[in-house]
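Everything on this sheet refers to the single structure shown next.
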Amino acid sequence: MLAAGASQAEPIRVATYNTELSQPGPGLLLRDIIRADNPQVAAVIQTISAVAPDILVLQGIDYDLQGSALAALAKAIGQDGPDYRYRFALPPNAGRQTGIDMDGDGRAGHARDGQGYGRFLGDGALAVLSRFPILPNGVQDYSALLWRDLPGALLPRSPHGPFPTAEAQEIQRLSSHGHWVVPIDLPHAPPITLMTFYATPPVFDGPEDRNGKRNHDEIMFWDHYLAGRFDTPPDDRFVLLGNANLDPDKGEGRKSAITTLLHHPMLQDPLQGQPTVTFDGLGDMRTDYLLPSSDWLVVASGVARNASASRHGLIWADLDR
């Protein structure tokens with residue numbers, strides 16, 4: 001029950017979940033959802049249905065042009081869980097081939113030579129499911145922002161100059177998947193704005209620390225965005241959420257990036273210190289985040305874990321005005 005003085009409207013349950021459902025080729029995720037015989041898909045659906053978010057940001061969902069896999073997943077969830085009538089996805093940078101060597105191995109045309117790592121266009125992408133209408137005319141998509149155009153960009157270098165080459169840095173986008181600002185209409189209340197992304201892991205590189213620096217800058221994009229260095233940011237009732245792929249204390253990566261967001265005066269951290277993922281050899285870590293703007297009342301929050309579904313937990317928060 002809400003405390004006296006709280007709004008009469010029900011709190012909004014917002015969540016983010018790295019499902020890790022990406023498959024090795026296009027169309028395979030849609031096949032598995034339709035067949036309804038994949039135990040991981042079933043576990044993901046069960047987890048989402050049990051938590052029943054009103055608004056859910058997903059990672060690890062393969063993108064297709066018609067949105068068929070996302071629609072099939074929403075339909076499967078709706079059999080026992082929320083009815084996600086509204087869905088949103090944009091073509092990601094994952095698997096968007098550049099035609100040149102982007103990782104410095106002397107070859108082009110491989111998974112690491114896209115704008116973001118991907119075995120095919122749309123590999124393991126972002127998506128939004130919502131019970132409430134998504135406002136597409138208000139979407140801000142920064143997925144095409146060049147890495148070099150981020151203020152203070154930590155562009156990688158080798159002893160020979162820009163890494164892997166100056167040519168690559170001329171076209172390299174910042175987002176490994178995407179950076180989106182997505183407003184969603186709410187009943188009897190002003191819209192809520194999602195600010196979401198899916199950063200590259202700060203590993204799998206060499207001494208130039210290309211992935212570590214990119215991870216740092218993908219996270220720091222939001223600090224610049226909130227400071228008004230791009231389009232005008234929302235001034236109230238927003239949520240920054242997604243997979244930053246960076247723990248503030250454990251593992252590799254440049255910790256200052258996520259620390260900046262966790263201590264940002266415009267944000268609050270209702271899941272402070274709670275692990276969200278378990279990696280072999282590293283144990284429990286925190287890489288997934290849900291940071292409401294400071295003007296929300298956080299009624300409840302939690303992490304729903306299901307090892308049969310994903311190494312990541314579904315993290316959620318109930319937000320009231």
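The values are calculated or read from the model by the stated rules, or taken from the named source; none is laboratory data. In this text, all values refer to a predicted model and were calculated from it rather than measured experimentally. A quick note on method: Cβ atoms are made from the backbone with ideal geometry, for glycine too, and the neighbour counts reach across all protein chains shown.
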### Filter pass, D269 being of a type in the set (D, E, K, R) and touching a residue at least 24 places away in the same chain (Cβ under 8 Å)
no
### Query
Can you name the number of the only condition in (1) in contact with a Gly (Cβ under 9 Å, 6 or more places away or on another chain); (2) at pLDDT below 95 that H160 fails?
(1)
### Query
Filtering segment 241-254 down to residues that are on the phi < 0 side of the Ramachandran plot and out of contact with any helix residue (DSSP H, G or I) (no Cβ under 6 Å at 6 or more places or on another chain), which residue is surrounded by the fewest Cβ atoms within 10 Å (Cβ to Cβ)?
D249
### Summary
Scanning segment 298-313 residue by residue, those among the hydrophobic types (A, V, I, L, M, F, W, C), crowded, with 18+ Cβ neighbours inside 10 Å and closer than 17 Å to P39 by Cβ turn out to be A309
### Query
Of all residues in segment 96-121, which are part of a loop (DSSP other than H, G, I, E, B), small (G, A, S) and surrounded by fewer than 24 Cβ atoms within 10 Å (Cβ to Cβ)?
G99, G104, G106, A108, G109
### Task
Only one of these is farther than 22 Å from H177 by Cα, buried (at least 16 other Cβ atoms within 10 Å of the Cβ) and touching a helix residue (DSSP H, G or I) at 6+ places or on another chain (Cβ under 6 Å): A69, A76. Name it.
A76
#### Entry: Extreme residue, nearest to P233 (Cα to Cα), among residues of segment 266-321 that are among the aromatic types (F, W, Y) and out of contact with any helix residue (DSSP H, G or I) (no Cβ under 8 Å at 6 or more places or on another chain)
W296
### Query
Does P82 count as surrounded by 16 or more Cβ atoms within 10 Å (Cβ to Cβ), out of contact with any Phe, Trp or Tyr (no Cβ under 8 Å at 6 or more places or on another chain) and not acidic (D, E)?
yes
### Query
Filter segment 19-66 for residues that are loosely packed, with under 15 Cβ neighbours inside 10 Å and either of a type in the set (S, T, N, Q) or in contact with a Phe, Trp or Tyr (Cβ under 9 Å, 6 or more places away or on another chain) (or both); which is nearest to P292 (Cα to Cα)?
Q66
### Task
Might you check whether a residue that is within 26 Å of A317 (Cα to Cα), of a type in the set (A, V, I, L, M, F, W, C) and either touching a Cys at 6+ places or on another chain (Cβ under 8 Å) or surrounded by fewer than 22 Cβ atoms within 10 Å (Cβ to Cβ) (or both) occurs anywhere in segment 207-227?
yes
